[in-house]
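K.L.:
Can you read through this structure? Questions will come right after.
The values are calculated or read from the model by the stated rules, or taken from the named source; none is laboratory data. Being a predicted model, the structure only gives us computed values, none of them experimental. Note: ideal-geometry Cβ built from the backbone for every residue, glycine included; neighbour counts use all protein chains shown.
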C-alpha cells in the first residue's frame, strides 16, 4: 500500500450524522480521518443542497458546491424522521454506529422518540455529540441563531474590524462560527472514543457554539478575565487596550502584506540594510542612516524606550518604515520570500484561490483532486490539516447524491 | 478531582504560546497527564507568555503571565536543562513512560536539542510525535517564522474578513492560534486512537497554515470549479452572506457608544417578521432577489430602525418574532452578564501558585460521564519536579537536591 491507500486513524468507526449546517464541517473532518460517516437527509434533500455556489451557477441539488465541500468523503442516506418506519430505520443505523452527530434544535429528537435518552439504554457504548447554538439546557437554548449571530453574540466580532469605529465591526468569512463549534464537536468525539477505550462506556456530549466562540477570542476574554480590560478593534491587527502601530502595507502588485514586528536587533537591522542595498532602494530612503545605526546596536531595542529615548524612537520608526518602503517597491511574493529568507517574519495576504497555487501548499499536497465520475470530471478540493504518514487524513470521494447509499440502511437493519 | 476521559494518557509536552499549549490544554481538562518541560536557565521563557500581560496585579516576572496561566491550566511543570547530559537522560526517562511527545517549536529545534523523531523512537518505539509550526516541517517554507496573524494571512483567512474597496479587516486576534491548538489536539488524539488500535506510533507533522486553509469553506470550490476568484470587485463583503445568499444580513448601528446589532433574514418568513416589526413597507424587498438587488437601501432601512435602539432589547424583539439576532457582545456583556455562559460554567476559577484565584476560559462541551475539570492553574516553574522525577521516575530527594544544585532542574 502507498501512504495514501492506508486507512485513516478512525477507520472502523461509524458515525451517523444528521445533516446540518453547523455540524457538516465536523462530519467532514471525522470522515477525513477515516471514519465511515453516513449523513442522513430528508427524502427531498437537506436544505443546504440549495446553498450557493453551484457548479456553473446552475441551482440543482446535486450541483451545490456548499454541499460538495462539506459532505465530501461521506455516504448519504435519506430518512423521514417524522415517519415511524423511518424512525425504526434510524434506530438500526444508531445501533450500528459508534458516534451520532447532530445539530437539531433541542427537543426535536425527543419529541420524535429518537433522542439519546431514549436510545442509550440499548446502546450504553454509544457516543452522541450534539452541536447547538447555546447548548441543550441553558436559558438561551431556544434562541434563533446563525453563523453571524454566533460570532456577534459570542465575542469574535467585537475584536474584528477597522480603526475607524464608525464602521461596524466585521464578521470573518467562511462560516467560522459554525466551524469553530464543529472543531470542538470533533475533539469531543475523539475524546469520548478514547474514554470509551478505557471505560467501555459511551456518553452524551453537549457542545455549544456560543460557548465555543466565547473561549476562542484570545485576549478578548483573557484580558477581561485577568485584568478587567476591554480590548478595542484595529485594522488588520490584534484588538488591544492601547493602539498599536500598523502591520499592513500594499505591495507593488496591489496585494496586501503583513509587515510583522519591526526589527529590534542589530542582526535584523543589518539584514534590512543589506536588503535595501541589494534592491537599490538605499538612496530613496531618507532614514537609512538610522538603520545603519541600528546595525551597530549592542543590545536589542526595548519597546519601553520607544517614545522615551529619541535615538531608540528614531531607529525603531526607521525600521518599521523601511520594511514598509521595501514592500511597496516589490511584489507581495518577492517581499514575503525576501523577508522570510532573511529571517524576518512577515506574511502575504492571500485570497483563498491564491493559497492553492502557493508552492508550500503544493509541495505538502494540500490541494487534492476529487473525481466526479458522474460528471466525467475531477475538481480540486481543500486537503489535509496535517500529514500523518501511518494514518493519513484525506478526502476519500465526492459528496453523496441524494439517497445514493440507501442500501446501507437495509444492510444494517 | 480529575476527569477520567483521558486519565490513561501521558504526554511529554514542549508546547507553548497558544497554538501549541491550546492542544494539550484540552487534553489536560479531560484528565490527561501533561508534563510540560521547561528550561530552568531561561526561566521557561521559550514560552514568552510566561512573563507577558495581562497581569492580575502589579507583580511581574515569569510566574505572572495571565495568558500562560490560561493556556496551561491543569498541566504539570518540570524543569530540565537540556544542555546537560543529566538533563537529557531525565528527559529520556520521561519520554520512555509517555504516550506522545508534542511541540510547536520552529522546525528543527527539538532535533537540535537531541530529540528528533529517530531518537524518540529509540527511546520508545511506539511513541507518537506531533510537531506543529506555522508551515510545518515539510515544504519550502519550513524555516520561515510565523505567529497567528502571519498564519492567518498566508492561509487566506485574513482576506475573507472585511469590506469591499477597503483593506481586509482580518481577525483582531490569533484565531489560528486557537485553531492551531485545536487541530493539533485533533492530530494528537487521532494518532493516539491509531496507536491504541495498531500499536503503531508515528510522526504527525502539522502546519498551522494548512489547518487554517481547511477552514476557508465553499469559497475555494467556487474558484476551483467555477473559476470565480474571491479577489474581485465588490468582494469580500463578509458581514453580508454570500453562501447562502441572505438579505438583510449584517451588523447595524445601535444606540450607545460603539454599539451594534447583528441580524439576518434566512428566508421570506423571517423578512416578513422583520418588516412587520420595523414597519418597513417596500415592495422591492418582498423576495430575496429584490432584497439582494436593493441591499444598500435595505440595509439603510434596517439601520434607521436599529440606530436608536438598545442592541440587546432590539435583539430580544427580533427573537420574539422568530428572527436570528444578537447584540454584538463586548467582553463584559458575555463574561459577566450572560446567563447562558454563567449557566454553562464557562469561566471557571483556577488556583495558581502565585496569582491566586483567577478566572479562565472554560471548555465549550459538557460530557455526561467524564466531564472536564479545570481547578489547578498553570504550573509554576519546576512546580512538579518532585512529583514527576521523584514519585513517577523514582529519583530520591537527595538526588533531586543534587540535580538542583548542579543546575540540571
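K.L.:
Residues that are modelled with pLDDT under 95: find the helices (runs of 4 or more DSSP H) completely inside the stretch A:298-412 holding 2 or more of those.
P.N.:
A:310-329, A:407-412
K.L.:
Give the residues of the stretch A:202-230 that are in contact (Cβ under 8 Å) with a residue 24 or more places away in the chain and more than 7 Å from chain B (Cβ to nearest Cβ), sorted by residue number.
P.N.:
Matches in the stretch A:202-230: A:202, A:209, A:213.
K.L.:
Could you figure out which of (1) within 14 Å of the chain's Cα centre (by Cα); (2) facing chain A (nearest Cβ under 7 Å); (3) under 26 Å from residue A:12 (Cβ atoms); (4) touching a residue at least 24 places away in the same chain (Cβ under 8 Å) isn't true of residue B:192?
P.N.:
In the conditions (1) within 14 Å of the chain's Cα centre (by Cα); (2) facing chain A (nearest Cβ under 7 Å); (3) under 26 Å from residue A:12 (Cβ atoms); (4) touching a residue at least 24 places away in the same chain (Cβ under 8 Å), residue B:192 misses (1) alone.
K.L.:
Within the group A:351, A:391, which residue is within 14 Å of chain B (Cβ to nearest Cβ) and in contact with a helix residue (DSSP H, G or I) (Cβ under 7 Å, 6 or more places away or on another chain)?
P.N.:
From the options A:351, A:391, the qualifying one is A:391.
K.L.:
Take the stretch B:117-159 and flag every residue that is in a loop (DSSP other than H, G, I, E, B), buried (at least 24 other Cβ atoms within 10 Å of the Cβ) and either within 17 Å of the chain's Cα centre (by Cα) or more than 7 Å from chain A (Cβ to nearest Cβ) (or both).
P.N.:
Correct list: B:134, B:146, B:155, B:157, B:158.
K.L.:
Looking only at the stretch B:261-280, filter to residues that are facing chain A (nearest Cβ under 7 Å) and in contact with a helix residue (DSSP H, G or I) (Cβ under 6 Å, 6 or more places away or on another chain); which one of those is surrounded by the fewest Cβ atoms within 10 Å (Cβ to Cβ)?
P.N.:
Here the residue is B:264.
K.L.:
In the stretch B:214-240, what residues are within 7 Å of chain A (Cβ to nearest Cβ) and within 23 Å of residue B:287 (Cα to Cα)?
P.N.:
Answer for the stretch B:214-240, where residues must be within 7 Å of chain A (Cβ to nearest Cβ) and within 23 Å of residue B:287 (Cα to Cα): B:238, B:239.
K.L.:
Please tell me if residue B:221 is surrounded by 15 or more Cβ atoms within 10 Å (Cβ to Cβ), in contact (Cβ under 8 Å) with a residue 12 or more places away in the chain and not assigned by TED's automatic domain parsing to the domain that holds residue B:171.
P.N.:
no
K.L.:
Can we say residue A:249 is in contact with a helix residue (DSSP H, G or I) (Cβ under 7 Å, 6 or more places away or on another chain), crowded, with 24+ Cβ neighbours inside 10 Å and more than 7 Å from chain B (Cβ to nearest Cβ)?
P.N.:
Against the criterion (in contact with a helix residue (DSSP H, G or I) (Cβ under 7 Å, 6 or more places away or on another chain), crowded, with 24+ Cβ neighbours inside 10 Å and more than 7 Å from chain B (Cβ to nearest Cβ)), residue A:249 does not qualify.
K.L.:
Quick one: is residue B:15 more than 9 Å from every other protein chain (Cβ to nearest Cβ) and either under 16 Å from residue B:131 (Cβ atoms) or within 17 Å of the chain's Cα centre (by Cα) (or both)?
P.N.:
yes
K.L.:
A further question on this structure: Kindly state which strands (runs of 3 or more DSSP E) lie completely within the stretch B:305-409 and contain at least 2 residues that are free of Cβ contacts under 8 Å to residues at least 60 places away in the same chain and within 22 Å of the chain's Cα centre (by Cα).
P.N.:
Per the criteria, B:349-352, B:365-367.
K.L.:
Just name the residue that is nearest to residue B:153 (Cα to Cα) out of those in the stretch A:357-369 that are more than 7 Å from chain B (Cβ to nearest Cβ) and surrounded by fewer than 23 Cβ atoms within 10 Å (Cβ to Cβ).
P.N.:
A:357
Here is a yes/no grid of residues against (1) closer than 30 Å to residue B:232 by Cβ; (2) in the same structural domain as residue A:329 (by TED's automatic domain parsing); (3) assigned to a loop (DSSP other than H, G, I, E, B):
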position: A:260; (1), (2), (3): yes, yes, yes
position: A:263; (1), (2), (3): no, yes, yes
position: A:269; (1), (2), (3): no, yes, no
position: A:273; (1), (2), (3): no, yes, no
position: A:278; (1), (2), (3): no, yes, no
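K.L.:
Just to be sure before I move on: is residue A:375 facing chain B (nearest Cβ under 9 Å) and in contact with a helix residue (DSSP H, G or I) (Cβ under 9 Å, 6 or more places away or on another chain) in the structure I sent?
P.N.:
no
K.L.:
Is it the case that residue B:102 is closer than 29 Å to residue B:138 by Cβ, modelled with pLDDT of 95 or more and assigned by TED's automatic domain parsing to the domain that holds residue B:207?
P.N.:
In short, yes.
K.L.:
As an exercise: evaluate residue A:5 against (1) in contact with a strand residue (DSSP E or B) (Cβ under 8 Å, 6 or more places away or on another chain); (2) within 27 Å of residue B:192 (Cβ to Cβ); (3) surrounded by fewer than 23 Cβ atoms within 10 Å (Cβ to Cβ) and give the number of the one condition it does not meet.
P.N.:
(1)
K.L.:
Within the stretch B:249-269, can one find any residue that is more than 35 Å from the chain's Cα centre (by Cα) and at pLDDT 95 or above?
P.N.:
Yes: one or more hits.
K.L.:
Given A:128, A:158, which one is touching a strand residue (DSSP E or B) at 6+ places or on another chain (Cβ under 8 Å) and under 30 Å from residue B:258 (Cα atoms)?
P.N.:
A:158
K.L.:
Going through A:188, A:159, A:130 one at a time, which residue ends up being under 27 Å from residue B:342 (Cβ atoms), more than 8 Å from chain B (Cβ to nearest Cβ) and buried (at least 24 other Cβ atoms within 10 Å of the Cβ)?
P.N.:
A:130
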